[in-house]
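Everything below concerns the one structure shown next.
Every read-out reported here was derived from the displayed coordinates using simple, explicitly stated rules and does not represent laboratory data. These numbers were taken from a predicted model, which means no experiment stands behind them. Here the Cβ is made from the backbone with ideal geometry for all residues, glycine too, and neighbour counts use every protein chain on show.
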Amino acid sequence: MELSTAFDFSGIRMNTERIWRQILTTDNRCRLSGLYTSAIFTRMSTDTTNLLITKSLTRKFGSLVAVNDLNIAVTKNIIFGLIGLNGAGKSTLIKMLTTLLDPTSGDAFINNVSIVDKPNKIRELIGYVPQLISADGSLTGYENLKLFACLYHIPKKEQRARIQEALELMDLTQVAKRLVNTYSGGMIRRLEVVLAMLHRPEVLFLDEPTTGLDVIARNHLWDYLKAAHAKYNMTIFLTTHDMEEAEKLCDQVAIMDQGKIVVTGSPHELKRSLPTPNANLGDVFVHYTGGHLEQGGNYKAIARQRTVSKKLGG
Ligand SMILES: Nc1ncnc2c1ncn2[C@@H]1O[C@H](COP(=O)(O)OP(=O)(O)O)[C@@H](O)[C@H]1O
Ligand SMILES: [Mg+2]
């Protein structure tokens with residue numbers, strides 16, 4: 001049945017565990033494969049507020065290494081952008097971090113909780129908006145929210161206020177009683193964002209949230225995401241192949257190429273690391289990936305992207 005397919009997160013419950021501390025030792029310092037500035041390394045090696053770290057995280061599909069020995073650290077309460085072309089391994093990484101896919105080797109920790117050892121606990125800590133449409137088009141926006149509120153075990157007496165707040169935050173109050181399949185692409189994405197954060201996750205994962213949206217809807221979604229981020233102080237981990245998006249939205253970015261992180265830092269730091277004056281993030285990408293902006297992806301990835309674009313009306 002359509003409804004049941006929309007919800008993989010039946011085990012998710014409200015999480016009250018909020019106090020934590022991550023102390024990086026020399027042993028679990030991030031060992032990125034490529035280049036990054038010493039300033040970034042210093043921050044990563046001494047920072048005690050990393051919410052998410054990966055340790056040699058690897059996923060293979062047969063002989064293909066989709067995610068290759070990945071070591072990254074994401075500070076609490078930032079918007080982190082993973083940039084890469086189609087086929088770079090972004091979705092595979094997000095699927096492992098959200099426990100939808102087992103790593104071949106390595107591990108990752110959110111709030112010190114291992115994705116390998118404690119997947120159920122991880123699901124309490126996260127929200128996830130997948131690349132493909134996840135809201136149920138045959139329900140209204142309100143019904144989608146109500147259903148998620150039940151699945152997240154949000155206490156009944158809190159549900160109404162929380163749903164109302166979510167609708168207001170994403171400017172969906174006026175369309176709450178309309179079927180989602182009558183929504184614009186931008187409205188669908190906004191609804192999916194609040195569905196995924198209704199239980200107030202520590203970290204919200206967004207896989208290419210603006211792919212398929214027109215420029216105006218994309219820019220609006222950035223504003224809504226920034227507002228949600230500011231209001232709830234939550235860490236956002238998003239993937240994108242849109243350099244402007246990474247530049248406008250993200251505090252820190254990591255460029256992923258063929259399963260590896262080649263560089264990480266703030267957009268400003270990365271641009272400054274290039275000898276070229278007035279470099280933009282596109283220049284940074286080309287510089288660190290060896291200049292193959294046009295490559296990436298395969299038939300399946302591009303077909304999937306077109307399906308999302310068609311559904312979102314972009
Ligand atoms: N289930 C799968 N089976 C086999 N290969 C896969 C599977 N999922 C992803 N891949 C391959 O892994 C690589 C990375 O894919 P993906 O993580 O979807 O990249 P991105 O999200 O950056 O576009 C691609 O070459 C893709 O074809
Ligand atoms: Mg992807």
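Quick rundown of the values:
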item: Residues of the stretch 233-276 with amide N under 18 Å of the 7 Å Cα→Cβ point at Asp171; result: 249
item: Residues with amide H under 5 Å from that of Val129, placed H, sequence gap 5 or more; result: Phe205, Leu206, Asp207
item: Selection of trypsin sites (Lys or Arg not before Pro), the stretch 137-201, meeting DSSP coil and at most 10 other Cβ within 10 Å; result: Lys177
item: Pair Ser138, Leu64: separation of 7 Å Cα→Cβ label points (nm); result: 3.2
item: Spacing of the two label points (7 Å from each Cα toward its C-beta) at Thr276 and Asp117, in nm; result: 4.5
item: Long-range HN-HN contacts of Leu139 with modeled amide H, under 5 Å; result: Val180, Asn181
item: Cβ crowding within 10 Å averaged over residues, with 58-68, 133-143, 88-98, 232-242 ranked highest first; result: 88-98, 232-242, 133-143, 58-68
item: Filter on Lys156/Lys226; Lys76/Lys146; Lys55/Lys121; Lys231/Lys271 - keep pairs with C-alpha separation over 24 Å; result: Lys156/Lys226; Lys76/Lys146; Lys231/Lys271
item: All-pairs Cα distance distribution in the stretch 50-205, expressed in whole percent, bin size 5 Å; result: 2, 9, 17, 18, 17, 14, 12, 8, 3, 1, 0
item: For the stretch 231-243, Karplus couplings with θ = phi - 60° (6.51, -1.76, 1.60), whole Hz, Gly/Pro x; result: 5, 10, 6, 9, 7, 10, 10, 10, 10, 7, 10, 9, 5
